[in-house]
Amino acid sequence: MVGPVAASFLSRLGLGGHKRPPRVRPSRPLVLASRVQERRQEQTERPCVMEMMGLMSCWKKNEFNSDLCTEEFQAFRACLAAAEKQFMKQQSVEYIHNLSSKQVNRLLRRFPNITHEI
């Protein structure tokens, strides 16, 4: 048997007494909303802009004669190939279940909440 002083000390530590833990009552019902807010996808870096600008300035300088801009065109094509390779590598590493807000809304429309008790 524990005395009153020891009982109050143990209860302050959370070791004494047989009180129930407090009930948590949510302020809202614990169900998913019917849709999520649209969010912007982060801006991705635009590859090969400088090469494309060089090609366009060459075309303008040479009155859009493609034969005189083969070096710039080859540089642009090489940059595009490298960017595509990098993009495919990044896509294979990226986590598949990263859904956009549009995809989440489509899934929520397809599978709505069941609010009635079973």
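Here, each number is a calculation from the coordinates, and none is a lab measurement. None of these values were measured; they are calculated from a predicted model. Positions of Cβ are backbone-derived with ideal geometry, glycine not excepted, and every protein chain shown enters the neighbour counts.
At R0 = 41 Å, how high is the FRET efficiency between L107 and A81 if r is their beta carbon distance? Nearest 0.05 is fine. The value I calculate is 0.70.
With the simple model of a label 7 Å out from the Cα in the direction of the Cβ, L68 to E45 spans 3.4 nm.
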